[in-house]
Protein chains: 2
Amino acid sequence: MHYKELIKTIKERREVLRVTQATLAELSGVGLRTLKQFESGKGNPTLLTLQKLVDVMGMEVCLKLKNVSGNK
Amino acid sequence: MHYKELIKTIKERREVLRVTQATLAELSGVGLRTLKQFESGKGNPTLLTLQKLVDVMGMEVCLKLKNVSGNK
DNA sequence: CTTTATAGTGCATTATACGGCTCTTTTTTA
DNA sequence: TAAAAAAGAGCCGTATAATGCACTATAAAG
């Protein structure tokens, strides 16, 4: 997943959960400003920040091999 | 994947490829110091740094739902 | 044990992520 | 439309990630 895809995934997940940026910020413990920056594609969050955000939305960061059949 | 697992995955991937930290640092464009810190569990890399590292090792950062059958 | 390669750490500097506050822009709702 | 809610952006101080250099620690090889 490229950067933009990650953002898109997070944004979509948030919208599916019908949670506002403000609420997600509060629940995750990440600053609202940071979340706004990130979702608008201007940030470069730390791994910790990313994990806080996705964790509270029931997701997790993972690594996988590229170009390997059976990975999609 | 928790933080430690991510580190472990990266470290193991690097070792499978028989690449030293110095080489990976050079290939990925990430500072050697940064890589050392990260692998030794002392860092909190930015998403960009993480992507640089895993990308050059044929991996990618992804997000997935937790606790969902069919995700493993 | 000595040499050599690789990994980990202390210190210092620079770059930048984080976050609050405020204001503007966009979207949603009545 | 107008009002309200949500998202985005500028300013900006603080915290910390990124990095190089030099040194130490560990491990492998002779």
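The values are calculated or read from the model by the stated rules, or taken from the named source; none is laboratory data. It should be emphasised that the depicted structure is a prediction, and the values quoted were computed from it without experimental measurement. A quick note on method: Cβ atoms are made from the backbone with ideal geometry, for glycine too, and the neighbour counts reach across all protein chains shown. SASA here: full protein model, heavy atoms, side chains in, ligands and nucleic acids out. Shrake-Rupley method; radii C 1.70, N 1.55, O 1.52, S 1.80 Å.
Computed with a 1.4 angstrom probe on protein heavy atoms, the B-A interface buries about 2700 square angstrom of accessible area in total.
The charge dipole of chain B, taken about its Cα centre with unit charges on the Cβ atoms of Lys, Arg (+1), Asp and Glu (-1) only, comes to about 240 debye. Sorted shortest first, the separations between the B:K36 label point and its copies elsewhere in the assembly read 4.0 nm; each point sits 7 Å from Cα along the Cα-to-Cβ line.
In nanometres and ascending order, the distances from the A:G58 label point to those of the other copies are 3.5 (point 7 Å from Cα along Cα→Cβ). For the peptide A:37-50, the mean number of other protein chain Cβ atoms found within 10 angstrom of a residue's Cβ is 3.
Only protein atoms count toward the accessible area here, which uses a 1.4 Å probe; on the range B:3-56, the carbon and sulfur part of that area reaches 52 percent.
All other residues with a Cβ under 15 Å from the Cβ of B:K42 taken together, and with Lys, Arg as +1 and Asp, Glu as -1, what is their net charge? Within the 15 Å Cβ shell, the charges total +4. The residues neighbouring A:V61, those whose beta-carbon lies less than 10 Å from its own, together hold a net charge of -2 under the Lys/Arg +1, Asp/Glu -1 convention. Helical runs (DSSP H, four residues minimum) scored at -39500 (n - 2.57) apiece and divided by the length of the protein assembly as shown put the mean residue ellipticity at 222 nm at -16500 deg cm²/dmol. Counting only other chain Cβ atoms within 10 Å of each residue's Cβ, the peptide B:51-60 averages 4.
Measuring between alpha carbons in the structure, the pairs from B:K36/B:K66; A:K8/B:K66; A:K36/B:K36; A:K42/B:K11 lying more than 27 angstrom apart are B:K36/B:K66; A:K36/B:K36; A:K42/B:K11. With contacts taken as Cα pairs under 8 Å at a separation of at least 6 residues, chain B carries a relative contact order of 27 percent.
Taking a ≥ b ≥ c as the square roots of the Cα gyration tensor eigenvalues, the range B:3-56 comes out rounded, since a/c falls below 1.5. Size of the protein assembly as shown from its Cα atoms: along the principal axes, largest to smallest, the extents are 46, 33, 23 Å.
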